[in-house]
Amino acid sequence: MDSMPLDTHAQQLWYLATLGHEALLRELDPLSLPASATHDPLSLAGRCLIADPIGYPEAHQAAERVLAPLHTAQTFTTTVPDEDNPVEHTGVVPVLEERQAGAVTGWYAELLLFEHSALLNRAAYRLSRMPGDRTWIVDSDFQPSGHPGTLRPFGSRRPGGGKRTLLPPFVAELDRLITQGPRSAA
C-alpha cells in the first residue's frame, strides 16, 4: 500500500536528527564546529536544513549528502490497532538490505514512522533480522530529542528477554518490501 504524501521537511529533519545524525557529524567534522553547535541533534538538523547554499555551502552540501538515502526510500502506510481507534502510520524505509556480521548474513533496515493524526508523533529505528529471528529486532531507537535511546550494533548478540521488536503491521510491511527485492541508497 502506498503512503499519503508526507511533509518532506519533516522527513528530512527527523532523518538528520536520528538515523543520519552520525553521518551528518562526520560530514561536518572538517568545519570544526564547536560542541555547542553539534550537541543537540534536532537543532543541528534544523540549522543544516535551512543552511543557505550560497552563504553556508559546506553545511548545505553536508546535509544533502547525508539525505541521499531518502531520495530512493520506499514508503508504506499501515494501520495499527489501538484500544479505541486504529492509528494510521506512514513508514519511510531509506535502507533495506542484506548485511554481514562475521560469518552471518541477515537483514538490516532503517525505518522512520510518522503517525497521521499527529506528525510530531514519530519514531526512528535501526532494525535487524538475523537467521533464526522470528521478527525484526530493534537495534537502535531514538528519543523525541533525537538522542539515541538504545544503540546496539548490527548482528550483536541479543539477550533473551530484553529485545524489543516491531508491531506486527510494521513487520508485515518490511517483509513485503523484502519480497520486492533489497534496496539501498548507501
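A few notes on this one:
- Only one of the numbered conditions (1) surrounded by fewer than 21 Cβ atoms within 10 Å (Cβ to Cβ); (2) of a type outside the set (A, V, I, L, M); (3) in contact with a Pro (Cβ under 7 Å, 6 or more places away or on another chain) is not met by residue 94, and that is (1).
- Count of the stretch 81-119 residues, restricted to those that are within 19 Å of the chain's Cα centre (by Cα) and touching a residue at least 12 places away in the same chain (Cβ under 8 Å), is 24.
- Helices (runs of 4 or more DSSP H) contained entirely in the stretch 13-82, each with at least 1 residues that are within 30 Å of residue 169 (Cβ to Cβ) and of a type in the set (Asp, Glu): 21-28
- Restricting 134, 122, 126 to residues that are open to solvent by 40 Å² or more (accessible area, probe 1.4 Å) and part of a strand (DSSP E or B) narrows the list to 122.
- Of 44, 16, all but one fail to be free of Cβ contacts under 8 Å to residues at least 60 places away in the same chain, in contact with a helix residue (DSSP H, G or I) (Cβ under 6 Å, 6 or more places away or on another chain) and within 14 Å of residue 61 (Cβ to Cβ); the exception is 16.
- Assessment of the stretch 99-106 against the conditions (under 30 Å from residue 172 (Cα atoms) and crowded, with 19+ Cβ neighbours inside 10 Å) yields no matching residue.
- For the stretch 137-178, the set of residues classified as assigned to a loop (DSSP other than H, G, I, E, B), within 18 Å of residue 92 (Cβ to Cβ) and either of a type in the set (A, V, I, L, M, F, W, C) or at pLDDT 90 or above (or both) consists of 166, 167, listed by residue number.
- Flag if residue 111 is in contact with a strand residue (DSSP E or B) (Cβ under 7 Å, 6 or more places away or on another chain), at pLDDT 95 or above and closer than 20 Å to residue 142 by Cα: yes
The values are calculated or read from the model by the stated rules, or taken from the named source; none is laboratory data. Note that the coordinates shown come from a computational prediction; the quantities given were computed from them, not determined experimentally. Every residue, glycine as well, gets a Cβ built from its backbone with ideal geometry; the counts of neighbours run over all protein chains shown. Note: accessible area is taken over every heavy atom of the protein model, side chains too, but ligands, DNA and RNA are not part of it. Shrake-Rupley method; radii C 1.70, N 1.55, O 1.52, S 1.80 Å.
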